[in-house]
Every structure is written in C-alpha cells, then in structure tokens.
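Here the structure is laid out as structure tokens; the discussion comes afterwards.
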Amino acid sequence: MIRCDALIVGGGPAGLAAAIALRQKGLDVLVADALRPPIDKACGEGLMPDAKKDLAALGIAGYDGAPFEGIAFLSGRHQAAAPFNHGSGIGIRRLQLHLLLVERCQELGVRLAWGTRVRLVEKQPVTLDGEPCNHRYTIGADGQSSRVRLTMGLGEGKILSRRFGTRCHYRVQPWSCMVEVHWGDLGQAYITPVGREEICVATIARSPAVRMQAVLAGLPALRARLEGATELSTVRGAQTTTRKLRRVTAGNVALTGDASGSADAITGEGIGLSFRQALLLAEAIAVDNLAIYEAGHPIIQRMPHLMSRLMLRMDSWPWLRDRAMGLLSAQPQLFAHLLAVHLGERSVGDFLLRDAPALGLRLLALERGT
C-alpha cells in the first residue's frame, strides 16, 4: 500500500505549490497527476509583486523573466497607468514556472507520480493506478472541474461570471515596462513581456465564439503593434470563471487553486492566489487544524473577487467603462490608489475614506458634462 501524509490530486502550479509548502513543514507529500510535465495552460503569465513574494516564501527566486513596473489600462482615447509602490512584477512563461515548481519539489523530496490515474469514490479508499493509498490529508488541486470537489460534496456555491480566454506568444520587443490591458467592445487583451524579444498576448471575451483575432481587430493600436510579428506558439484557449464556494474543506479534505474557487483572469491574481492558499494550507495542516484554512481562504479571495466584479462591470457596460476610463485618465492618482488596494497595500476602508468624496464629485462633474 502507498503511504503518505498528504496526497495532492493535481500537479499544476497550485498542486505543486501546496506540495512545496507542506514539505517545508516536514510532511511526506505525494503529488499525483494523469498528465506528464510540462503541463501548460492558457494564462497571462504575469506574476504581480505580491505573487513574487509568495513564490520566494516557497523557496523559488533568482529565475529568468521579464520585469514589469506597473499596470496600464487603455481604452480608445483614454489611458491610465500606475507603477507598483513596492517591487516589480515579472513575466514568465507558464512552462518555465511549472518547471521551477517541479524542480523545487524534487529538491525537497516531494514524491511525484506523473501519468497516474487517481480513482476517487465516496467512502472508498483512494487508489493510484489501482493501488490503495493510505494518507492523512487529501488535497484537491485538480482545477475548475475538480473531481475531488464533486466527490466530497464541496461543489455548493455559485459561479459569478464565466468568460473565455485565448493566449499566444509573439516575437517582438516589449514596447512598455508595464502590463497593458486594452479594453474593446468584444473583450480585453492584456500584454505581458516574458522575454527581451517576446510578449504574451491574452484575450478574454464573454462569448466562446469570439476568437483572439476578433478581439484584436477591435483594438487598432494594439493590432498595429503586432503587425508583422512572428507567432511563437499556437493559440491556446481556456475558460475563466469567478467562482465562490461555501466551503473548501470537509473532514481531512481541502481544496486549493481553481478547485477551491477562482477570480476572473483579468485580475491577474490566479497564480498568486494559489501561492497564498498553499502557504496558509501548510500552516493549518502543520497544527492539524483545517479550520484555520477554512477561515482564512475567503479572506485571500475577497479582494480579487471585488476587483473582478468592478472590472466585469466595465466589460459589460461600455458607458460605464468610458466614464471610468475618462475619470482614471484625468485623475491618475486614483488609478494608483486602486492598484494599491488590489495588491493589499491599502485597505478598501482607507480608500473609501480618503478617495471616495473626490471620486463622487468627479463622477458628478462628468455626469453634468463639465
């Protein structure tokens, strides 16, 4: 019989991050996944400064990538940009990030069972390729369609949004030191530098029928930047959701990553959420108290969910987007303050206390056309 302290179902970044965090606490960890590395997924490939900090806490630093210094929103004639207050972000290919996590697992002695089928049946022992596995904790890190979540009855909750993303890489020198988010009528395109001569282009749209080229066609300034650029990868797609669950633990089972709920990809916090959840989960399991993780998980998700709701309103309502972008363009400090709130450097309460009055007056002036 296979034995371990923690069995992690899913070998993507969320599962590997959880394995690293648990192993750093001294647990015997086994990761099982039906796929084999490298495991890719369509994403924006940018790590925000807080995600870099959490990755360092997992023992991973000094890796190659393309730094970026802030975030810029562009919509028609309006543009708003703000630098990070503390540190920089970094663009890194998903495959490279996965390899770094795998290498860190190997360095720590995490057992990795690639190409392994995990059988999950309620009230029956978990088996790996037909062999029973005796373990103290089951960690579901198997993505948005998590079998662990469904098997353990943790699927109760709601999907707040569902959109569809595509990703492609281009050989072109990055023209900005920031991640750019371009807003169009069909969706958004966000541009992340991932190398000296390479960028990642990701688009998100409300309809699965809208392809990347259709989104780019409505963004003439960006389309001109990409004209003649060589595609370095095939277009890859994925669904992005904002999902909130009522619970993320049951007995000795815990969910992490997209299996535990998610925020729309436009927030840029998907990977960062996984790292923070992994560190919290390890703290809880180290003292055999998953209630700590259950209580802290919603706090980790709170701000990304709030920001995704705000930005999805801008996506759905063009009139709101135009007014919001006009305001942020005219008052760049407001955009900087919002970015600080998004990164957890300022509280929502502090923002409302200090900036809401001026924001309300400015919106009223826009309403009156002054």
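FYI, it's all coordinate maths here, none of it is from the lab. None of these values were measured; they are calculated from a predicted model. All Cβ positions, even for glycine, are placed from backbone atoms using ideal geometry, and neighbour counts span all protein chains on display.
Just to be sure I understand the model, the point goes 7 Å from the Cα along the line to the Cβ. What's the resulting Trp175 to Glu197 distance in nm?
In this crude spin-label approximation the distance works out to 1.9 nm.
Take the alpha carbon atoms of the stretch 227-252, find their center, do the same for the stretch 254-304, and report the distance between the two centers in whole angstrom.
A separation of 16 Å, based on Cα centres.
Taking 22 Å as R0, compute the FRET efficiency from the Cβ-Cβ separation of Asp40 and Ser145 and round it to 0.05.
Computed FRET efficiency for Asp40 and Ser145: 0.80.
Summing Lys, Arg as +1 and Asp, Glu as -1, what charge do residues with Cβ under 13 Å from the Cβ of Gly115 carry, Gly115 excluded?
0
Under 18 Å between alpha carbons, and skipping anything fewer than 8 positions from Lys123 in its own chain: which aspartates and glutamates qualify?
Glu131
Identify, among Leu150, His297, Ala18, the residue whose Cα sits farthest towards the positive end of the charge dipole of the chain, taking +1 on the Cβ of Lys and Arg and -1 on the Cβ of Asp and Glu, with the dipole about the Cα centre.
Of the candidates, Leu150 comes out farthest on the positive side.
With r defined as the distance between the Cβ atoms of Trp114 and Ala330 and R0 fixed at 51 Å, what FRET efficiency is calculated, to the nearest 0.05?
Once the sixth-power term is evaluated, E becomes 0.45.
Is the stretch 32-121 best put as rounded, prolate or oblate by its Cα gyration tensor, with a ≥ b ≥ c the root eigenvalues, rounded for a/c under 1.5, and otherwise prolate when a/b is larger than b/c, oblate when not?
prolate
Where in the stretch 43-71 is the amide nitrogen less than 11 Å from a point lying 7 Å along the Cα-to-Cβ axis of Ala238?
Correct set: 43-46.
Sort 141-154, 7-20 for me by packing, meaning the mean count of neighbouring Cβ atoms within 10 Å per residue, highest on top.
7-20, 141-154
Divide by every residue of the chain the summed helix terms, -39500 (n - 2.57) for each DSSP H run of at least 4, and state the resulting mean residue ellipticity at 222 nm, rounded to the nearest 500 deg cm²/dmol.
After summing the helix terms and dividing by residue count, I get -12000 deg cm²/dmol.
Residues with beta-carbon under 11 Å from that of Met314, excluding Met314: net charge, scoring Lys, Arg +1 and Asp, Glu -1?
Combined, the nearby Lys, Arg, Asp and Glu give +2.
Work out Dmax and Rg for the stretch 181-286 from the C-alpha atoms and quote the Rg first, both in angstrom.
Just the Cα atoms of the stretch 181-286 yield Rg and Dmax of 17.6, 55 Å.
Within straight cross-link reach of Lys53, meaning Cα distance under 22 Å, which lysines are found once same-chain residues fewer than 8 apart are removed?
Cross-link targets: Lys25.
Compute, for the stretch 81-238, the length of the dipole vector about the Cα centre, with Cβ point charges of +1 (Lys, Arg) and -1 (Asp, Glu) only. Units Debye, rounded to 20.
Result for the stretch 81-238 is approximately 340 debye, rounded to the nearest 20.
Please work out, to two decimal places, the log10 of the ratio I(q)/I(0) at q = 0.07 Å⁻¹ from a Debye calculation in which every Cα of the chain carries one identical scatterer.
Log10 I(q)/I(0), no solvent term: -0.31.
Check the straight Cα-Cα distances from Lys244 and name the lysines below 18 Å, setting aside those fewer than 8 residues away within the same chain.
Straight-distance partners of Lys244: Lys158.
Build a GNM of the chain with springs between Cα atoms under 10 Å: which of His305, His182, His86 gets the top mean-square fluctuation?
Result for the chain, Cα springs under 10 Å: His86 fluctuates most.
Using the Cα centre of the chain as the reference point, and only Cβ charges (+1 on K/R, -1 on D/E), how large is the resulting charge dipole? Debye, rounded to the nearest 20.
Dipole about the Cα centre, nearest 20: 780 debye.
Find, to one decimal place in angstroms, the Kirkwood hydrodynamic radius of the stretch 212-363, where the mean of 1/r is taken over every pair of different Cα atoms and then inverted.
18.3
Contact order normalised by length for the chain, with contacts defined as Cα pairs under 8 Å and 6 or more residues apart; what percent is it?
It comes to 22 percent, rounded to a whole number.
Taking 0.36 nm per residue of separation and subtracting the Cα-Cα distance, what length does fully extending Glu345 through His86 add?
92.3 nm
Please give the contour-minus-distance gain from Ile299 to Glu227: 0.36 nm per residue of separation, less the Cα-Cα distance, rounded to one decimal in nm.
21.6 nm
Remind me, relative contact order of the stretch 90-231 in percent, using alpha carbon pairs under 8 angstrom and six or more residues apart?
It rounds to 19 percent for the stretch 90-231.
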